[in-house]
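The block underneath contains the structure these notes are about, expressed in structure tokens.
The values are calculated or read from the model by the stated rules, or taken from the named source; none is laboratory data. It should be emphasised that the depicted structure is a prediction, and the values quoted were computed from it without experimental measurement. Every residue, glycine among them, receives a Cβ derived from its backbone with ideal geometry; neighbour counts consider all protein chains shown.
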Amino acid sequence: MRTEIRIGGFGGQGVILAGIILGKAASIFDKNEAVQTQSYGPEARGGASKCEVVVSDAVIDYPKVQRPDILVAMSNEALIKYIVDLKDGATLIVDPGTTDIEDVREFIDEHNIKVFNAPATKTANDEIGLKIVANIVMVGAITKITGIISKDAAIESIKSSVPKGTEEKNIKAFEAGYNLV
Amino acid sequence: MSDGNKFTPYMRKDRLPHIFCPGCGNGTIMSAFLKAMEKAEMDFENIAMVSGIGCSSRIPGYMDCDSLHTTHGRALSFATGLKTANKDLDVVVFTGDGDCASIGGNHLIHAARRNINLTVICINNNIYGMTGGQISPTSPKGSYGTTAPYGNQDNPFNLAELVAAAGATYSARWTTIQIESLVMAIKDGLKNPGFSFIEVVTQCPTYYGRKNKLRTPTAMAVTLKMNTVFKDAASRMRQKDLEGKIVVGEFANTQKAEFTENIERISEEKFGKKTLINSAYEEEL
Amino acid sequence: MSEELFIQGNEACAKGAIRAGCRFFAGYPITPSTEVAETLARELPKVGGSFVQMEDEIASAGAIIGGSWGGTKSMTATSGPGLSLMQENIGYAFITETPIVVVDVQRGSPSTGQPTMAAQGDMMQARWGSHGDYEPIALSPSSVQEFFDFTVKAFNLAEEYRVPVFVMADEVVGHMREKIVIDDDIEIVPRKMPESKEDFLPFKNIENGTNPMPSFGQGFNIHVTGLTHDERGYPDTNNPDTHDALVQRLCDKVLNNTDKICSVKSKYCDDADTIIISYGAPVRSVIEAARKARAEGNKVGYIKLDTPWPFPEKQVLDLAADASNIVVVEMNLGQMYYEVNRVLRRDANVHLVGKIGGLMPTPDEILSKINKLGGK
């Protein structure tokens, strides 16, 4: 089955790395198929940032996300901009610290969107003491909520994707996110 | 050319006679180069020549060594690749004022900036000869060419100074009149383990001479000689008095880390690897 | 033991180059190809190779030709504006029979256009960009795996035929990440050194067209020139026969080997009413569109051009001769479309889905075009 995931936030939050970790976990460690794409351009420098991953048990031909099954919003701008593409009954994961779910309440109700709160930024700050690992906290939450990748694959993928020497902190961040929901 | 010439063994005899005009300075410069090469005790077998387009760029075609006659202005780019791929080669570039200062000006300053170990002999005849007498970036102000029928209004480049300023570790200018100094400069350039630039101001009786009332090689030679000012003397002259003069001497002679050595040093220090040579012929690396 | 990686297309290209034996890269930063240069800047020093950031793309093309004559497999990577600048030197590489690989990660154009968006507007630039008659080889990858594989293949073809080879990628394939598998056992074609220096003619008019190639410094003392040259390499510019023999041989050595060079992949073509022809990233939408069409009972097949150049005439004619409709899908307003028309000689039934703007065509966009055509 093909699952389309979009992660949106602002530049610097590491949403691209979060997507790469998901894609690598799915394809290399879970032995599924995955394609990761992202938007390039001026918005990659501080403005809005978007990363997309398609995960499937079959070969992925069309590589881009059109109607996400899962939207992860790490900024309110991304939430408002991308929610309209969601499929009916899709999963929405938001960081309540950086988004306001009330702004999209109407769409959520109309389209039967399943909403999960994952306070990734606050958890990164409070539990890890490092705001920059909010993306990894979010990977933990995504793994737990969606089951799109296995926990073992996620951990292996994180270990092989983050800078050497930071593995421990990042795994801790992942576990914190995994235990959020 | 008689077989008696001592430099004949360095020539591709099956390519002679050459295409240069009577009175052209190219022959003098070829001879000066070969003399300098012998004085520098270079292994001719290890020399590879690169050139662009223009009269001077035809020189490597007459030399019996590996020679790459490239596109207009780009000789230094090709030479950069050749030297980087095989830094054991002694790479010599023959170029002209139009080739290296006009269309190839950017490559000239960047090759100098990199201090890549090339010896560049720029034959500056102040005009485009191959295409029939158009002005070049070194044509003196007021001189005539087919594209400056009312006299050149542009200021010329001082190439040897430009290249020195761009970072070359050796830069000199001589004319075809100061043969011994030219030979010594080419020798020093060949021995310098960095970017070496030897500008040779030369006569083009066919085009520059004809357009500028200097029709005979002798008239051109006399003019070159009359206009020559040694660098030391020039430093004591006023700018106004130096207009139209050819200042000769050395403009850079220093040492800096060389480009291909830097590449190999990083490979060696960080990864214990020497730069591979002739790797294209290997199936497994 | 094979290696599995989840990497970007541009990184896969760089890894393919190193696997193929490339030990010299010269380039100039340009979006969306820059990651090829960045990866090679990092990786080449590890394997005894050299990376040079040149002052522009003209210099980059010149440097890799010099590097190739220096005895090192050499490559550059660029995008449309850079490819335009390289064209004079690419022509030089053709006439001097210098093996080089030129990677073009295509973006929206003309001019500066859309640096971060995808397009396939340089296909004719790869075919005809330099002046004069020559026969280029171009490969178009549709996946990250193919970007690796085709870069290796490009080096092999460049050495086999002593020609520049283009890898015509696009921003989609260059920037997306997928899993690739790098096998231990990959065929690599090394350069052939001439056997003897005695009476060696570097540009001999031989039967199969491709002479062995010495490198500089081996004592062959050869002259290499962009001027029309005789078998010795000496300029011979006013003799019509010399020019005819040289340029004819340069073209023939590719054209006489199209059976070995040209490659297509196809599916569902046997009974197809409609055949879609595509290359590069859009192929992925084409495959999905064809599958959906089949599921709905429509007889749709597709041909993927691995090698847009030389155009696989024979394969396309064999596969598409009986189809009622041909649909060419590409990210430009019609480039290979005209080539397909030329080969099939039936303008009325060749249709174009030419998508510009920077996004690849979706499967639905292709399907809607097919559904409007009507079958037999």
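Looking only at residues in region C:195-217 that are within 11 Å of another protein chain (Cβ to nearest Cβ) and without any contact (Cβ under 8 Å) to a residue 60 or more places away in the chain, which one is farthest from residue B:55 (Cα to Cα)?
C:212
Residue C:287 - would you say it is buried (at least 18 other Cβ atoms within 10 Å of the Cβ) and not in a helix (DSSP H, G or I)?
In short, no.
Could you grab me the full set of residues in region B:48-90 that are more than 8 Å from chain C (Cβ to nearest Cβ), polar (S, T, N, Q) and not in a strand (DSSP E or B)?
Hits for region B:48-90 are B:56, B:57.
Picking from A:93, A:83, which residue would you name as being under 23 Å from residue A:162 (Cβ atoms), in contact with a Leu (Cβ under 8 Å, 6 or more places away or on another chain) and either assigned to a loop (DSSP other than H, G, I, E, B) or more than 14 Å from chain C (Cβ to nearest Cβ) (or both)?
A:93
Somewhere in region C:73-96, is a residue within 7 Å of chain B (Cβ to nearest Cβ) and in contact with a Leu (Cβ under 8 Å, 6 or more places away or on another chain)?
No, the conditions are met nowhere in region C:73-96.
Kindly list the number of the only condition in (1) under 19 Å from residue B:276 (Cα atoms); (2) surrounded by fewer than 24 Cβ atoms within 10 Å (Cβ to Cβ); (3) within 11 Å of chain C (Cβ to nearest Cβ) that fails for residue B:117.
(3)
It is to be established whether one or more residues within region C:238-259 are within 13 Å of another protein chain (Cβ to nearest Cβ), surrounded by 16 or more Cβ atoms within 10 Å (Cβ to Cβ), under 23 Å from residue C:135 (Cα atoms) and small (Gly, Ala, Ser).
No, region C:238-259 contains no residue that is within 13 Å of another protein chain (Cβ to nearest Cβ), surrounded by 16 or more Cβ atoms within 10 Å (Cβ to Cβ), under 23 Å from residue C:135 (Cα atoms) and small (Gly, Ala, Ser).
With the condition kept exactly as written, say whether any residue in region C:136-146 is surrounded by fewer than 23 Cβ atoms within 10 Å (Cβ to Cβ) and either within 23 Å of residue B:284 (Cα to Cα) or away from chain A (no Cβ under 14 Å) (or both).
Within region C:136-146, one or more residues are surrounded by fewer than 23 Cβ atoms within 10 Å (Cβ to Cβ) and either within 23 Å of residue B:284 (Cα to Cα) or away from chain A (no Cβ under 14 Å) (or both).
Considering only residues that are assigned to a loop (DSSP other than H, G, I, E, B), charged (D, E, K, R) and without any contact (Cβ under 8 Å) to a residue 12 or more places away in the chain, look in region B:234-275 and name the one that is nearest to the other protein chains (Cβ to nearest Cβ).
B:273
Any idea which residue in region C:158-179 is surrounded by the most Cβ atoms within 10 Å (Cβ to Cβ), counting only those that are under 14 Å from residue C:213 (Cβ atoms) and either within 13 Å of another protein chain (Cβ to nearest Cβ) or of a type outside the set (Val, Ile, Thr) (or both)?
C:164
Could you please tell me which pairs satisfy a Cβ distance under 7 Å, a separation of 6+ or placement on different chains, a first residue in region C:90-105 that is closer than 15 Å to residue C:75 by Cα, and a second residue that is of a type in the set (Asp, Glu) and crowded, with 24+ Cβ neighbours inside 10 Å?
C:99/C:159; C:104/C:122; C:105/C:170; C:105/C:171
From C:62, C:91, which residue is in the same structural domain as residue C:123 (by TED's automatic domain parsing) and within 18 Å of the chain's Cα centre (by Cα)?
C:91
Out of the residues in region C:322-353 that are modelled with pLDDT under 95 and part of a loop (DSSP other than H, G, I, E, B), which is surrounded by the fewest Cβ atoms within 10 Å (Cβ to Cβ)?
Taking the candidates together, the pick is C:345.
Pull out all pairs, ordered by first then second residue, where Cβ-Cβ is under 7 Å, the residues are six or more apart or on different chains, the first lies in region C:222-244 and is on the phi > 0 side of the Ramachandran plot, and the second is not in a strand (DSSP E or B).
Close Cβ pairs (under 7 Å, with a partner that is not in a strand (DSSP E or B)) amount to C:233/C:202; C:233/C:203; C:233/C:222.
Given the criterion crowded, with 20+ Cβ neighbours inside 10 Å and either of a type outside the set (Gly, Ala, Ser) or at pLDDT 95 or above (or both), identify the matching residue among B:211, B:245.
Going through B:211, B:245 in turn, just one is crowded, with 20+ Cβ neighbours inside 10 Å and either of a type outside the set (Gly, Ala, Ser) or at pLDDT 95 or above (or both): B:211.
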